[in-house]
Every structure is written in structure tokens, then in C-alpha cells.
Ligand code: NI
């Protein structure tokens with residue numbers, strides 16, 4: 001099995017808070033990310049697909065087609081957006097790295113061209129903080 005990873009960048013703003021919590025509890029749980037007017041991050045998204053190279057091309061996937069799908073279905077919808085308000089696939093979710101990476105997986109997984117499959121997503125919110133996801137089937 002071959003694993004192929006491609007990296008994407010987007011910038012977005014968010015505010016982490018739970019409307020069911022008190023102000024005090026929101027500050028305690030989310031810290032600076034609870035600032036009322038939001039703040040931005042320069043996110044990096046690594047997408048890893050796995051498969052066997054096609055003997056005719058030596059490729060797991062058509063990268064141009066893959067790029068077009070990722071950009072139109074994910075990156076264009078997130079870049080320079082407010083993750084609390086602008087992104088339909090993040091509606092009613094607290095935009096933590098954990099929730100964002102799960103939502104991206106669910107959006108992207110139907111568009112990975114067979115026989116390749118989506119293996120892993122890594123979403124870096126900062127150089128010190130990233131979330132990884134490999135799909136619900138690996139949840140325990
Ligand atoms: Ni933040």
C-alpha cells in the first residue's frame with residue numbers, strides 16, 4: 001500500500017464557546033479562543049490517501065482532479081471565512097480543530113476516486129497544535 005499526502009493552507013476565524021455554558025465556564029474551558037469577537041488561525045491541512053499505483057500511470061490518484069475537488073469542496077469554503085457563521089458543514093458545531101477535521105473528512109470522503117481511499121487528515125491550527133482523524137470506523 002502506498003500513502004500519498006498533499007498539503008493545503010487556509011486562513012479562517014473562529015470563536016470557541018458553548019451557548020449552554022455560563023461566561024465563566026466558557027472562559028475556563030476555551031481560554032483565549034473564547035474571545036467574544038473571534039480571532040484567526042492560519043490552518044494547514046494534510047490529506048493522506050492510500051492505494052496501489054495504477055500500472056498504466058504509476059499514480060494512486062489523478063492529482064489534478066483531486067486538487068480540484070479539495071479546493072472546490074473544502075478549501076474555497078473555509079478560506080477567509082468565519083467558521084462559526086459562514087461554513088454550512090460546520091453549522092451548529094463548536095469550531096475546534098477536532099470538529100473541523102471530522103467535518104472535512106465527512107465532506108471529502110465521498111469524492112476520493114476509487115480504488116484509492118482516504119487514510120488520514122491532519123489539521124494544524126498552529127505549529128504547536130494539531131488534530132488528526134482517520135474516520136469513524138477507527139473510533140473506539
Ligand atoms: Ni482559536
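The numbers here are math on the coordinates, done by the rules we state, and not lab data. Just so it is clear, the model here is predicted, and its values are computed rather than measured. Positions of Cβ are backbone-derived with ideal geometry, glycine not excepted, and every protein chain shown enters the neighbour counts.
Cβ crowding within 10 Å ranks 89, 30 as 89, 30, fewest other Cβ atoms first.
Against the chain, whose longest principal axis comes from its Cα atoms, helix 97-108 is set at around 40 degrees.
Of the residues 119, 14, the one with the fewest other Cβ atoms within 10 Å heads the list, and the complete ranking is 119, 14. Where a ≥ b ≥ c are the square roots of the eigenvalues of the C-alpha gyration tensor, would you call the chain rounded, which needs a/c under 1.5, or, failing that, prolate if a/b is larger than b/c, or oblate? Prolate, since a/c reaches 1.5 and a/b exceeds b/c. Adding -39500 (n - 2.57) for every DSSP H run of four residues or longer, then dividing by how many residues the chain holds, sets the calculated 222 nm ellipticity at -5500 deg cm²/dmol. For the stretch 55-75 versus the stretch 81-140, the spacing of their alpha-carbon centroids is 18 Å. Can you work out the FRET efficiency for the pair residue 64 and residue 44, with r the C-beta to C-beta distance and R0 = 25 Å, to the nearest 0.05? Taking R0 as 25 Å, the efficiency between residue 64 and residue 44 is 0.75.
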